[in-house]
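Working notes for the structure below.
Bear in mind that the values in this text are calculations on the coordinates, not laboratory data. Since the structure is predicted, the reported quantities are computational estimates derived from the model, not experimental observations. Every residue, glycine as well, gets a Cβ built from its backbone with ideal geometry; the counts of neighbours run over all protein chains shown.
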Amino acid sequence: MSSATEVAAGKRTRIESVDILRGVVMVLMALDHVRDFLGVPVSPTNLVTTTVPLFFTRWITHFCAPVFFLLTGTGAYLSLSRKTKRELSHFLWTRGVWLIFLEVVPERCLGLQFNFDYRVTLLLILWGLGWAMIALAAFVYLPDWAVTTVGVVMICGHNLFDSVRSTNPFFILLHAQGTILTIRQHIVFVAYPLIPWIGVTAVGYGLGRIYGWPADRRRKFLLRLGIALSAAFVVLRAINTYGDPNRWSVQKSAGMTVVSFLNTTKQPPSLLFLLMTLGPAMLALWALNGRSPQLLRPVLTIGRVPLFYYLLHIPLIHLIAVIVCYARYGHISWMFQSPDMSNIPISTPPGWGLSLPGVYLVWGIVVVILYPLCRWFAGVKQRRSDAWLSYL
């Protein structure tokens, strides 16, 4: 059975393996944000303070952003089955602008921080994704091979600038996390530098081409690509020379040495970070190609409405944090304060934080609450073809 399933006569064809993988990373994304809001405020990637379980709780969520950007590009290519390139370009830049607006206004105020003071404005995933779509709006007029080549060059070459230290806002926007604007007590911080994320989206666009191939050829390609990318990560990381600004080293235990080896840089996403995450993603697409396990049907539903899920899950998690804070302290003012970069997304009260089992429990509750809402909205999108639905 082909992995392409007709949703309804005359409507779009969806690739179930793509939707399932997208749904998996959306579910994992909620785990990371539950840890941000409700976990003990300790860096999970700091080798001095982390533990192996805490690190891997963070590490598994590293797959979320690269896979989501990649599949955004893939989805754009697949939409050419029902859009001209001009129509696709228009959709990409308008949706990109919409995502940037969502990041800066409702998601920042009503989701992440629950305040309107704009003391700290973080430019996060929707910001990066918006600009990646705007860039792809221009790239679609190029040949497919050229778009893919541009993406590969961006991914492989941007670490050449790791040694550059600059406070230039333009450089920070493109390559390095940092503050681009400070006005009195207000700062704007770029958390998602654009070059590598645009590169991932462009490569994803090129990947979409393989879904026009025969199934056997596609599966062989995905398997070989997944093995090649994963092997490249192991080899380059072992050499410890290029591909990530942070080197790994032998630690006091075997477990922590593995942590050091896997502790690659997410922002900006290094070449090694992307090899580490996109290699297994290709293997997942290979394993899922032509298959839709019953166990994964719920995440398939979530994967069909990813933005809807995203816009709901952060305010829900924040609301749960407010409830937990009130139950424990009798006050909730901390949950509405984010005055500086050390207090994001909330100001944590003394002794704040659930244990890891508590974090996982809340994560499960969040996904269970959101699933029926996603199922309802997926049904709405299936039954109707209103243009505005494509922006959610």
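Quick look at the values:
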| quantity | calculated |
| --- | --- |
| Interchain or long-range residues, amide H under 5 Å from V120's placed H | I187 |
| Unit charges on C-beta of K, R, D, E only; dipole of the chain, Debye | 920 debye |
| Ranking of I323, I198, I227 by count of other Cβ atoms within 10 Å, fewest first | I323, I227, I198 |
| Contact order relative to length of the stretch 310-392, as percent, for alpha carbon pairs under 8 angstrom and 6 or more apart | 21 percent |
| Mean residue ellipticity (222 nm) of the chain, computed from DSSP H runs ≥ 4 via -39,500 (n - 2.57), nearest 500 | -19000 deg cm²/dmol |
| Cleavage-rule hits (trypsin sites (Lys or Arg not before Pro)) in the stretch 225-255: DSSP loop, at most 16 neighbouring Cβ within 10 angstrom | R247, K252 |
| Those trypsin sites (Lys or Arg not before Pro) in the stretch 148-220 that DSSP places in a loop and that have at most 12 other beta carbons within 10 Å | R165, R184 |
| Stretch gain in nm, segment F170-L319, where the contour uses 0.36 nm per residue and the Cα spacing is subtracted | 50.1 nm |
| Sites matching trypsin sites (Lys or Arg not before Pro) across the stretch 322-392 that sit in DSSP coil, with at most 10 neighbouring C-beta atoms within 10 Å | R384 |
| Proximal lysines relative to K381, as straight alpha-carbon distance under 24 Å, when same-chain residues fewer than 8 apart are discounted | K11, K83, K85 |
| Potential lengthening between E87 and K252 on full extension [0.36 nm per residue; Cα-Cα distance subtracted] | 53.8 nm |
| Packing-based ranking, highest mean first, of 126-134, 109-117 given that Cβ atoms within 10 Å are counted | 126-134, 109-117 |
| Per-q log10 I(q)/I(0), the stretch 57-207, q = 0.14, 0.21 Å⁻¹ (Debye; single scatterer per alpha-carbon; no solvent) | -0.73, -1.32 |
| Binned Cα-Cα distances of the chain, short to long, each 20 Å bin given as a whole percent | 26, 61, 13, 0 |
| Computed E for A238/I344 - FRET, C-beta separation, R0 30 angstrom, nearest 0.05 | 0.30 |
| Centre separation in Å (Cα based) which lies between the stretch 289-356 and the stretch 142-169 | 32 Å |
| For a label point 7 Å along the Cα-to-beta-carbon line of L223, residues of the stretch 282-297 with backbone N under 18 Å | 282-292 |
| Fully extended contour minus Cα-Cα distance, from A191 to D144, at 0.36 nm per residue | 14.0 nm |
| Choice from D216, D144, D162 showing the highest fluctuation, given a GNM over the chain with Cα pairs closer than 10 Å | D216 |
